[in-house]
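The values are calculated or read from the model by the stated rules, or taken from the named source; none is laboratory data. Since we're looking at a predicted model, the values are computed, not measured. Here the Cβ positions follow ideal geometry from the backbone for every residue, glycine too, while neighbour counts run over all protein chains shown.
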Amino acid sequence: MSEYQYYEFQAIDRPLTPEEQKAVASLSSRVEPHPRRAIFVYHYSDFRGSARELLAEYYDAFFYIANWGTVRLGFRFPKHLVDYDEIQPYFIDDYVTGEVVGDYILVEIRMDNEEGFGWTEGEGYLDQLISLRDDILRRDYRVLYLGWLSALHDEYAYEAEWLEPPVPAGLQKLTPALESFVELFEVDENLVGAAARTSGRTQAKSTKRDFGKAIEGMSVADKDAWLLRLAQNEAHLGLVFQKYLSKSDKPVSSGTGRRTIEELLVLAEEK
């Protein structure tokens, strides 16, 4: 059986310039310059570049799958939009990792299946998972928690007495993107069910009326400042403005209770 490796990168916040497209295309003769996406497929050779460096320099999302059992999902976030201290508790060596690179935060989730996948194809997976980036920007950390759960298949990745990270709200009902993640990253559904026992309900979203009342209370100077930022096409301005209006101090990940890994595994075994 031949090897199969699939790399895909997507630019979300802004398209690549022609110069940047040429720089990416120079890594492989098979890649056509494109302002929003780059795909590299290998059956015998390997990628000449660094996926991490491409993510840090040009792209906002990255997906990789190899038929020997490795899956990787990476996102890049503007540093001012994500609280690094909030997401750090979900990191677990080699499986859920993050780092600050310049003006960005890079987050990657990895899974290794030692038995491999046999025949597989990578096309379409990133489109299914891309909305998870917006979830994290909205402080919904369910995908990070599920990535942490995925790491528990490796008994060498943790100590039994370690505490779980903060339990996100909404684990009882997953979105289609999260369901795709659970399947692809082989998250034990019994572990998800055990974790969901202390997962609260997601917070109600602010309504149009709520936002209207908040806007009425803004000064003319504040409104003008926001309109100027809108005119300058600032990325994610809608999200930033909603946070400003709601003045929420709590992330969507606001579940209660922290159990040891051993307790979680026992609960999953009972299920």
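Worth a mention:
- Candidates in the range 123-133 are the residues that are surrounded by fewer than 20 Cβ atoms within 10 Å (Cβ to Cβ) and touching a residue at least 12 places away in the same chain (Cβ under 8 Å); of these, the one that is nearest to VAL41 (Cα to Cα) is GLU123.
- Listed by position, the strands (runs of 3 or more DSSP E) enclosed by the range 20-122 that each have at least 3 residues that are of a type in the set (Phe, Trp, Tyr) and surrounded by 15 or more Cβ atoms within 10 Å (Cβ to Cβ) are 61-66.
- Evaluation of TYR141 against (1) surrounded by fewer than 15 Cβ atoms within 10 Å (Cβ to Cβ); (2) touching a Ser or Thr at 6+ places or on another chain (Cβ under 7 Å); (3) within 26 Å of THR198 (Cβ to Cβ) (one fails), failing number: (1)
- Candidate set: the range 249-268, residues that are surrounded by 18 or more Cβ atoms within 10 Å (Cβ to Cβ) and touching a Lys or Arg at 6+ places or on another chain (Cβ under 8 Å); chosen: the one modelled with the lowest pLDDT: SER253
- Single residue of SER199, SER180 found to be of a type in the set (Ser, Thr, Tyr) and within 18 Å of the chain's Cα centre (by Cα): SER180
- Any hit, the range 158-171, residues being surrounded by 21 or more Cβ atoms within 10 Å (Cβ to Cβ) and part of a helix (DSSP H, G or I): no
- Qualifying residue in the range 2-15 (condition: modelled with pLDDT of 90 or more, in a loop (DSSP other than H, G, I, E, B) and among the charged types (D, E, K, R)): yes
- Among residues of the range 22-37 that are at pLDDT below 90, those with a beta-carbon under 6 Å from a residue that is surrounded by 15 or more Cβ atoms within 10 Å (Cβ to Cβ) at least six positions away or on a different chain give the pairs LEU27/GLY49; SER28/PHE40; VAL31/ALA25; VAL31/ALA38; PRO33/GLN21; PRO33/ALA25.
- Test: residue in the range 64-74 that is assigned by TED's automatic domain parsing to the domain that holds ASP154 and either more than 27 Å from THR120 (Cβ to Cβ) or of a type in the set (Lys, Arg) (or both): yes
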